[in-house]
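Here the structure comes first, spelled out in structure tokens, and everything after it is commentary.
The values are calculated or read from the model by the stated rules, or taken from the named source; none is laboratory data. Treat the numbers as computed from the prediction; the structure is a model and nothing was measured. Don't worry about glycine lacking a Cβ; one is built from the backbone with ideal geometry, like all the others, and counts go over all protein chains shown.
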Amino acid sequence: MCRWQRILSIAVGMILLGTACVSTGPNPNKKKKTPTTNRLGYVMPRYNFSLDAEFNPRTARILPGYTGLTVAAANKDFRPLRFRPDKDKWRVRARGGKWHRALVEMQYEAPESWARLHPKVQQIVSYPDTVPPGYTQTFKVFIPGEHDLTGFLAIEFYSGVLQKKFTFTRY
């Protein structure tokens, strides 16, 4: 009888110890924080899109009084990448470190200058509503004033749809 009591107490102790170890493990309900900073051209984890941008001095001044930056949004997801022109916010960090606010709806911000553009050019540089799965859409964001954005450091994008801020750095 004494032997069975000892075996039983050891078995109960092992079960209690195993239960304690399992219950104090990592919390499966806790969400991991997804990074929202990446390099230009790299796919943002979990969101499956990437942004790339280029400053070309020859095409930057197509609207008088504004500096344009060409942006390419690549959708690597199976769902459309949606944009909200009224809620999205863009900023560009120049080589000197200063952030510049960028505008996307130029047909409302500067209707006189926008009307002077050829309709095909308007279509090419206008801000998209969606990027279909597997596609890349190029457009321009415009910074008020004349700026030299050669060697800009970063581009920041606040998505009104996802309600997240994404930063894409050059290096």
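What about Ala115, is it assigned to a helix (DSSP H, G or I) and either crowded, with 17+ Cβ neighbours inside 10 Å or modelled with pLDDT under 95 (or both)? Yes. Quick check on Gly41: is it among the small types (Gly, Ala, Ser), at pLDDT 90 or above, part of a loop (DSSP other than H, G, I, E, B) and loosely packed, with under 10 Cβ neighbours inside 10 Å? For Gly41, the condition - among the small types (Gly, Ala, Ser), at pLDDT 90 or above, part of a loop (DSSP other than H, G, I, E, B) and loosely packed, with under 10 Cβ neighbours inside 10 Å - is not met.
I'd like to check something: does the range 139-152 contain any residue that is in contact with a Ser or Thr (Cβ under 7 Å, 6 or more places away or on another chain) and of a type in the set (A, V, I, L, M)? Checked against the condition, which is being in contact with a Ser or Thr (Cβ under 7 Å, 6 or more places away or on another chain) and of a type in the set (A, V, I, L, M), the range 139-152 yields at least one hit. The one condition from (1) surrounded by 14 or more Cβ atoms within 10 Å (Cβ to Cβ); (2) under 18 Å from Thr59 (Cα atoms); (3) in contact (Cβ under 8 Å) with a residue 24 or more places away in the chain that Thr169 does not meet is (2). Looking across the range 139-154, just one residue is of a type in the set (A, V, I, L, M), more than 12 Å from Arg101 (Cβ to Cβ) and in a strand (DSSP E or B), and that is Ala154. Looking at Val125 and the list (1) more than 18 Å from Leu69 (Cβ to Cβ); (2) within 21 Å of the chain's Cα centre (by Cα), which single condition is not satisfied? Among (1) more than 18 Å from Leu69 (Cβ to Cβ); (2) within 21 Å of the chain's Cα centre (by Cα), Val125 violates only (1). Looking at Leu81, Leu149, just one residue is farther than 20 Å from Pro57 by Cα, touching a residue at least 40 places away in the same chain (Cβ under 8 Å) and out of contact with any Asp or Glu (no Cβ under 6 Å at 6 or more places or on another chain), and that residue is Leu81.
Taken together, the criteria exclude Lys165 from residues that are touching a Leu at 6+ places or on another chain (Cβ under 8 Å), of a type in the set (D, E, K, R) and part of a strand (DSSP E or B).
Of Arg91, Arg84, all but one fail to be out of contact with any Leu (no Cβ under 8 Å at 6 or more places or on another chain) and part of a loop (DSSP other than H, G, I, E, B); the exception is Arg84.
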